[in-house]
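The values are calculated or read from the model by the stated rules, or taken from the named source; none is laboratory data. All values reported here derive from a predicted model rather than from experimental measurement. Here the Cβ positions follow ideal geometry from the backbone for every residue, glycine too, while neighbour counts run over all protein chains shown.
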């Protein structure tokens, strides 16, 4: 587990008046580990139950929502009908995702060209753009290879 992740999250919660209950601690411990990338609530629940058998799925959902609202976690959608969660990247860790429509593989990339477009849109529209997300859907090399073999 990354101690700085856990400590930063704890500070955010305390600053906003939230307590770190044992259940929230278990969810946070999972997402501060290197194993937790793009998990659904069910996947998070399954992983946590290995250590905390009594934790309920509703508790995991509530913790995920709380952590998202205080920017500890970030909700992402990969066009599969599920909300997924990852550590909030913050300004320095801004990234996007390539998602394989065949096998579901997710590749993160950080080269963001959208900020210059946001600045132009802000000037022309008067909007103050607060953020964006980008997921590109396609086929990974392995799935493209399998599709060629099937034809």
Pull out all pairs, ordered by first then second residue, where Cβ-Cβ is under 8 Å, the residues are six or more apart or on different chains, the first lies in segment 1-23 and is outside the structural domain of residue 72 (by TED's automatic domain parsing), and the second is assigned to a helix (DSSP H, G or I) and at pLDDT 85 or above.
none
I'm trying to understand the selection: among the residues of segment 77-101, which are under 25 Å from residue 11 (Cα atoms) and modelled with pLDDT of 85 or more?
84, 85, 86, 87
Let me confirm something: among 132, 96, which residue is buried (at least 16 other Cβ atoms within 10 Å of the Cβ) and not assigned by TED's automatic domain parsing to the domain that holds residue 8?
96
Which of (1) more than 15 Å from the chain's Cα centre (by Cα); (2) under 24 Å from residue 71 (Cα atoms) is the odd one out, the single condition residue 149 does not satisfy?
(2)
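Having 1 or more residues that are touching a helix residue (DSSP H, G or I) at 6+ places or on another chain (Cβ under 7 Å) is the bar; report the strands (runs of 3 or more DSSP E) wholly within segment 53-151 that clear it.
The qualifying strands (runs of 3 or more DSSP E) are 73-77, 83-87, 96-100.
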Among the residues of segment 25-42, is any surrounded by fewer than 19 Cβ atoms within 10 Å (Cβ to Cβ), at pLDDT 95 or above and not in a loop (DSSP other than H, G, I, E, B)?
yes
Quick check on segment 138-145. Is at least one of its residues at pLDDT below 85 and either more than 30 Å from residue 10 (Cβ to Cβ) or surrounded by 14 or more Cβ atoms within 10 Å (Cβ to Cβ) (or both)?
no
Going by the conditions given, is residue 72 more than 28 Å from residue 100 (Cβ to Cβ) and surrounded by 14 or more Cβ atoms within 10 Å (Cβ to Cβ)?
no
